[in-house]
Amino acid sequence: ATNNFVKVVEVGPRDGLQNEKKIIPLTTKIELIERLSKTGLTDIEAGSFVSPKWVPQMADSNEILEYILKYPPNSLNPIAYSFLAPNSRGLDNAVSILRAHPTSYQTFSPQSTPYEPDESGIPNESAAEPTSNPPFIEMSVFAAATESFSEKNLNCNIATSLERFREVITGAKAHGLRVRAYISVVLGCPFEGYDVDPRKVAEIACDLMEMGADEIDLGDTTGMGTAPRTAALLNAMQAAGIRNEDITMHFHDTYGQALVNSAVSLEHGIRRFDASVGGLGGCPYSPGATGNVSTEDLVYFFESLGMETGVDLDTLCEVGEWINGEIGKGNDSSVGKALMAK
Ligand code: HMG
Ligand code: MG
């Protein structure tokens, strides 16, 4: 990968949809994943093996995983589809589906990394037409930076959540699944405000890395992050010995700061970012949190800097417009709205 490449991880099908009150038909969720797979994105968060009592919208994630394995969406490049698991129960549910389709996905070992762009920085330019590629499947655990958010989101304290994640991470790795490890509310908590210690975040990140996580995903769940506080957080991560290449930034645009914070992160050397098509999202346990930064805005921003994302912006904008229409919402992406009005 060249220094010019920045990876955009699409989280719309999970983080974007999980908060919708009205149950979205499975066919719509699958169509969203299929459409996103054709945009050039290589990483798509597709569902969540959490308790359906806690997050009813994600109750059909087993069917989504099964569908992806049986009918891998056409894509330009192999895609890594990730699923959340809060405990071993969630992992076991995912693994039982994988076991039923053992040849339908690619496993991960540090030697055979999931898809990374070639020298040119542009993912597989030669593949002009999307084709069927066996997917990678990844699991994600999700810790919190504050005790109150951990209790609200996981019904346990941080220490207990980490014990559970150790089992999930160890189990996932034993099955050849790459693991993303989120830490939520890293730049502000709905219950504890700005009182989130970057050193505490770095400490949790070190624990998760030591357990075998392949990536730390820093979630600004409330969108309370600012430029200086983003810089302070990344400095704390660096001081704790976490490498930039192991970090993903996950910004929400609640206060309109997502692109500013992304710029600060780029300057710091971060090259992987989460985003949600059409600005879909929020978090059920973070009152008032609006959407994740939209994938359209982030891709447009990176392209304006001359960076490569491998994502086709026009196709992406059509997906954002379509899904917001499907769920009866206005398009929450500035770039999406602007380009669709042309
Ligand atoms: P609990 O109630 O303490 O756990 O919930 P429990 O073990 O007592 O289980 C309660 C019930 O759930 C039982 O069912 C279990 O079997 C079942 P019952 O006996 O009552 O019929 N259960 C499960 N079912 C399916 N899959 C499972 C599972 N585990 C238990 N894996 C628990 C604890 C962790 C399960 C619950 O709190 C939970 O599911 N929480 C998930 C909350 C969530 O998904 N939040 C959104 C994701 S985080 C986020 O969005 C932020 C992020 O995107 C970053 C950002 O945006 O910044 C990551
Ligand atoms: Mg989010």
In region 130-160, the residues that are in contact (Cβ under 8 Å) with a residue 40 or more places away in the chain, buried (at least 21 other Cβ atoms within 10 Å of the Cβ) and of a type in the set (Ser, Thr, Tyr)
Ser140, Thr146
Across region 281-305, what is the number of residues that are modelled with pLDDT of 95 or more, touching an Asp or Glu at 6+ places or on another chain (Cβ under 9 Å) and outside any helix (DSSP H, G or I)?
2
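Yes or no, residue by residue, for (1) without any contact (Cβ under 8 Å) to a residue 40 or more places away in the chain; (2) within 16 Å of ligand 2 (Cβ to nearest atom); (3) in contact with an Asp or Glu (Cβ under 6 Å, 6 or more places away or on another chain):
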| site | (1), (2), (3) |
| --- | --- |
| Arg35 | no, no, no |
| Thr39 | no, no, yes |
| Pro52 | yes, no, no |
| Val55 | no, yes, no |
| Ala59 | yes, no, no |
| Glu63 | yes, no, no |
| Ile68 | no, no, no |
Got at least one residue in region 161-176 being assigned to a loop (DSSP other than H, G, I, E, B) and more than 21 Å from Phe83 (Cα to Cα)?
no
Just for strands (runs of 3 or more DSSP E) wholly inside region 1-94: which have at least 2 residues that are within 20 Å of His252 (Cβ to Cβ) and not small (Gly, Ala, Ser)?
7-10, 43-48
Would you be able to say whether some residue in region 203-220 is modelled with pLDDT of 95 or more, touching a Ser or Thr at 6+ places or on another chain (Cβ under 6 Å) and within 30 Å of Gly328 (Cβ to Cβ)?
yes
Say whether the condition of being surrounded by fewer than 20 Cβ atoms within 10 Å (Cβ to Cβ), closer than 15 Å to Phe149 by Cα and modelled with pLDDT of 95 or more is met by at least one residue in region 166-188.
no
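Residue by residue, here is whether (1) free of Cβ contacts under 8 Å to residues at least 60 places away in the same chain; (2) part of a helix (DSSP H, G or I); (3) at positive phi holds:
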residue: Val201; (1), (2), (3): yes, yes, no
residue: Met209; (1), (2), (3): yes, yes, no
residue: Met224; (1), (2), (3): yes, no, no
residue: Thr230; (1), (2), (3): yes, yes, no
residue: Leu234; (1), (2), (3): yes, yes, no
residue: Ile242; (1), (2), (3): yes, no, no
residue: Glu245; (1), (2), (3): yes, yes, no
residue: Thr248; (1), (2), (3): no, no, no
residue: Tyr255; (1), (2), (3): yes, no, no
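The values are calculated or read from the model by the stated rules, or taken from the named source; none is laboratory data. A quick note: this is a predicted structure, and the numbers were derived from the prediction, not measured. With ideal geometry, Cβ positions are generated from the backbone for all residues, glycine too; neighbour counts draw on all protein chains shown.
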